[in-house]
1. Kindly indicate whether N162 is among the polar types (S, T, N, Q) and touching a Ser or Thr at 6+ places or on another chain (Cβ under 6 Å).
2. Can you name the helices (runs of 4 or more DSSP H) wholly within the stretch 80-141 that have at least 3 residues being small (G, A, S) and crowded, with 19+ Cβ neighbours inside 10 Å?
3. What number of residues in the stretch 142-170 are assigned to a helix (DSSP H, G or I) and buried (at least 17 other Cβ atoms within 10 Å of the Cβ)?
4. Residue by residue through the stretch 206-220, note down the ones that are without any contact (Cβ under 8 Å) to a residue 24 or more places away in the chain and not polar (S, T, N, Q).
5. Here are some residues: N315, N349, N329, N336. Which one is modelled with pLDDT under 90 and surrounded by 12 or more Cβ atoms within 10 Å (Cβ to Cβ)?
6. Output yes when any residue across the stretch 250-258 is in contact (Cβ under 8 Å) with a residue 40 or more places away in the chain, assigned to a strand (DSSP E or B) and in contact with a helix residue (DSSP H, G or I) (Cβ under 8 Å, 6 or more places away or on another chain), and no when none is.
7. Can we say I51 is hydrophobic (A, V, I, L, M, F, W, C), crowded, with 18+ Cβ neighbours inside 10 Å, under 24 Å from D185 (Cα atoms) and in the same structural domain as D185 (by TED's automatic domain parsing)?
8. Is it the case, given these coordinates, that M1 is in a loop (DSSP other than H, G, I, E, B), touching a residue at least 24 places away in the same chain (Cβ under 8 Å) and either exposed (fewer than 15 other Cβ atoms within 10 Å of the Cβ) or touching a helix residue (DSSP H, G or I) at 6+ places or on another chain (Cβ under 9 Å) (or both)?
Amino acid sequence: MDRILLKNITNTFSIILFSWYFKNKRDLPWRNTTDSYKIWLSEIILQQTQIKHGLPYYLRFIEKYPDVKALSSASENDILKMWEGLGYYSRARNLHKTARIVTNDLDGKFPLTYFELLKLPGIGDYSASAISSFSNNELVSVVDGNVYRFISRLFGINTPINTSKSLKQFKEVTMKLISQDNPSDFNQAIMEFGALICKPATPSCSVCIFNDQCYAYKNDVVFDFPYKLKTKKSINRFFNYLVFVSEDGLTVVEKRSKKGIWQNLYQFPLFESYQLVDLIEINKQVESLEYISSPSGSIELFKNQSIVHKLSHQNISISFWIIKIKSLNTNSISFNKINSFPFPKPISNFLSIFNLQ
């Protein structure tokens, strides 16, 4: 790390950054409030999510649940349905838990300090720093992916950012740079600069206000930062969804209760295999299910192909097997009501096509 640069730039960094930020910042709704509920909601939604994708969700949540009490009164199914398509559904479950804790245990008042916020479900260092800074102007630096990238390039920090050591180091550096008088705008500004100028694949180095000092730019190693340790190899999984269609328009869905991906979301009956399977194997699985009251009329693979859904460390090959049947036993629902359930994105995408047929 270039410690001489850090020492030399400490007193002027925030001034230079503010001059850029107040001219170039995006007008975003959570920047026009100090309401900790709205700031918390935006930060949870924007974890692992780009602003352009998360903004419509934020606006829908605020419209339906204008305060934490309204959010706490919703069911988990309601929240998961609203969250459908955003991914990382543990965020939605923790959102609901936190809303109820704040409403029932904290008299509806959101904590404003970093250490109090850390006690709530789904809130770690980043979220606690952001919420306390933006709502309470607390003197704490916010380190997200944009900050990691910008600061590692500027000072040539080669500590792997996917290690516990990196957070402490980057917090120490940014706390030396932060504006003592205006930490809220400083944190917004440094994240905005990383998002708009010091971008991952297409950084605007030629117009960067720090390019005459940037270690990575001067040494032509911009794309070497931030440094990450290699992660474990992705595993391959094979999901076979059994989509029953009875003559009277009924089907079967079930809640995915086990821990892991898509917990508490709904799905069609699932048969997970070790590899892609054929019609013979699917037919065996169908015949073993107790809620079928008659032999299936036909089984076919939807569009005669599987799709691949990529998650962090998982590649899931998904097959939707359409099983036409005369009638079903209990636990069946009408296809007309199926859209009221929260589903993982691959199933939602399937339904949007299948319902048109």
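1. Values: among the polar types (S, T, N, Q): yes; touching a Ser or Thr at 6+ places or on another chain (Cβ under 6 Å): no.
Spelling it out, it is not the case that N162 is among the polar types (S, T, N, Q) and touching a Ser or Thr at 6+ places or on another chain (Cβ under 6 Å).
2. On the way: elements: 90-105, 114-117, 125-136.
Here the list reads 125-136.
3. Step one: of the stretch 142-170, the residues assigned to a helix (DSSP H, G or I) are 145-155, 164-170.
Narrowing the set further to residues that are buried (at least 17 other Cβ atoms within 10 Å of the Cβ) leaves 146-155, 166, 169-170.
Here the count works out to 13.
4. First pass over the stretch 206-220, keeping only residues without any contact (Cβ under 8 Å) to a residue 24 or more places away in the chain: 206-208, 211-212, 218, 220.
Across the stretch 206-220, the qualifying residues are V207, C208, D212, K218, D220.
5. Only one candidate passes the filter, namely N329.
6. Within the stretch 250-258, one or more residues are in contact (Cβ under 8 Å) with a residue 40 or more places away in the chain, assigned to a strand (DSSP E or B) and in contact with a helix residue (DSSP H, G or I) (Cβ under 8 Å, 6 or more places away or on another chain).
7. Details: hydrophobic (A, V, I, L, M, F, W, C): yes; crowded, with 18+ Cβ neighbours inside 10 Å: no; under 24 Å from D185 (Cα atoms): yes; in the same structural domain as D185 (by TED's automatic domain parsing): yes.
Against the criterion (hydrophobic (A, V, I, L, M, F, W, C), crowded, with 18+ Cβ neighbours inside 10 Å, under 24 Å from D185 (Cα atoms) and in the same structural domain as D185 (by TED's automatic domain parsing)), I51 does not qualify.
8. Judged against the criteria, M1 is a match.
The values are calculated or read from the model by the stated rules, or taken from the named source; none is laboratory data. Since the structure is predicted, the reported quantities are computational estimates derived from the model, not experimental observations. All Cβ positions, even for glycine, are placed from backbone atoms using ideal geometry, and neighbour counts span all protein chains on display.
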